[in-house]
Amino acid sequence: MLPAADSAGPACRVVRKEELILSTENVRIAPAEGKLGILIPGIGAVSTTFIAGVEAVKRGLAEPVGSLTQLATIRLGKRTEGRTPRIKDFVPLASLNDLVFGGWDIYEDNAYQAALKARVLDEPLLEQVKEPLSAIKPMKAVFDREYVRRIDGPNVKQGGSKMDYAEMLMDDIRNFQKSTGASRMVMIWCGSTEVFRRPTQVHQTLKDFECGLQKNDPDIAPSQIYAYAALKMGIPYANGAPNLSADAPALVELARDRQVPICGKDFKTGQTFMKTLLAPGLKARMLGVSGWFSTNILGNRDGEVLDDPGSFKSKEETKLSVLEQILQPDLYPNLYKDLYHLVRINYYPPRGDAKEGWDNIDIFGWLNYPMQIKIDFLCRDSILAAPLVLDLVLFLDLAQRAGMRGIQEWLSFYFKAPMTAPGLYPEHDIFIQLMKLKNTLRWMRGEDLITHLGLEYYD
Ligand SMILES: NC(=O)c1ccc[n+]([C@@H]2O[C@H](COP(=O)([O-])OP(=O)(O)OC[C@H]3O[C@@H](n4cnc5c(N)ncnc54)[C@H](O)[C@@H]3O)[C@@H](O)[C@H]2O)c1
């Protein structure tokens, strides 16, 4: 039986809570009281652009452009109700004034010096936030050149097993909490991309993983030691890079045991962001795609690390995965089964952080007539990534206060390779991801979910 049309005749149908198995009865969200500590492995281009940006916004020097939590609204109820609060007024997020920052890096530069070297933000702007940035001095990193081959630095922990390193990180976190007075914390990996590895036996269960930490198992990456330390202390963890990190059964198990939310992998910023905007549109119109060639030049430290084939392989995997899922060649073989998809990244120092991404897309339409689309995205990598870092730390903290644990698929919106529950494929279509994110917020607050099903034609 069709549901009754809305008396107000909106072009969408609002799903009543009773129709859903999900119950909002038990979503109790603890208030965002006290300071929120943001722990960041990797004080590089993305993290310093994020921290400098938050400090600039706090001082009224700039707008938080690109941040959903700060700028976006959310529609509630029927369109006739006219209820569209800002997300930050709808869910209890930590205030920017309550954020405190700390991090680790293999280099000793404080966040101000690192930001100057990254050459993302102009010096006059950095000068105005010099004080808080200079106060952020990176703690000694857990680092292994087997995992990041193109860089090396002096600010690295020495001695002991991988379990000892995890303990040292936990000590760092306790000290950070003591010195900042943070009441809650979130960790987000903004470190370099580690070489490509698949999960092995040591990643299968928490017991195996802890045994591997004790025995210095070579398959455990530094980012996984950070993730372990965070989760063990009940701190939510997000991974902005494509390497596995928390995306391994043992760490998912730990997150669930400790009631901690996690998410990843690989911030969806430049070219892949474009891809996940365009591909759903082409598919929506049942237009065929025979080739998609993507190439990039970038000259920052990230580009230097990605120049190593092992690190590039991690990036290539996440960048290639999106089209297959969006276009569904199994369901539409005539349109997409022969798609030739290639991704290249070239390190080109003159460009610094100002990446250029080209896409040549060969498509075909009615009667198989070919057409081409060219995209030349002159973007700024860290300018696109910084607001994602902000949203992720605020949403993860919210999820933690709402008692949500394990993989947070509703945050797929932010990632190139979203983590999913075992056996599920990741959702890459950015519009579905946004709907899922907003519906999750509605659900948290006991509001009706929105499906956009129009039934006014029955009036
Ligand atoms: N900027 C974007 O648009 C974007 C998009 C997706 C993913 N990412 C990923 O985000 C990460 C950060 O990017 P970035 O441009 O800031 O790179 P970056 O090179 O400027 O900064 C990374 C920092 O991590 C440090 N580092 C490496 N290994 C470490 C370890 N084990 N512990 C502590 N610090 C460590 C490096 O010394 C470096 O300072 C990279 O993995 C990148 O691939 C960036």
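Derivation of every value follows stated rules applied to the coordinates shown; laboratory data play no part. As the structure is a computational prediction, the values presented were derived from the model and not from experiment. When we count neighbours, we look across all protein chains shown, and the Cβ atoms used for this are built from the backbone with ideal geometry, even at glycine.
For the reader, a short list of remarks on this structure follows.
- Leading residue at positive end of dipole, the chain (Cβ point charges), from LEU68, LEU126, LEU254: LEU68
- A simple charge model with +1 on the Cβ of Lys and Arg, -1 on the Cβ of Asp and Glu and nothing else charged puts the dipole of the stretch 271-378 at about 260 debye relative to its Cα centre.
- Cα gyration tensor category, rounded, prolate or oblate, for the stretch 231-321 with a/c compared to 1.5: oblate
- Counted over all Cα-Cα pairs of the stretch 210-269, pairs farther apart than 19 Å make up 25 percent.
- The modelled label-to-label distance between ASP307 and ILE432, using points 7 Å beyond Cα along the C-beta direction, is 3.9 nm.
- Gain on full extension, evaluated as 0.36 nm per residue between LYS58 and GLN201 minus their Cα-Cα distance, stands at 46.9 nm.
- Rg in Å to one decimal, and Dmax rounded to a whole Å, for the chain via C-alpha atoms: 22.5, 74
- Whichever lysines have a C-alpha closer than 24 Å to that of LYS58, once near sequence neighbours (fewer than 8 apart) are set aside: LYS35, LYS88, LYS117, LYS130, LYS137, LYS178
- Shown here is the pair-distance distribution of the stretch 271-378: with all Cα-Cα distances grouped in 5 Å bins from zero up to the longest one, the shares run 3, 12, 22, 22, 17, 11, 8, 5, 1, 0 percent.
- Using alpha carbons only: equivalent-ellipsoid semi-axes of the stretch 358-459, gyration tensor based, whole Å: 31, 24, 14
- With a simple spin-label model that places each label point 7 Å from the Cα along the Cα-to-Cβ direction, the separation between MET170 and THR451 comes to 4.7 nm.
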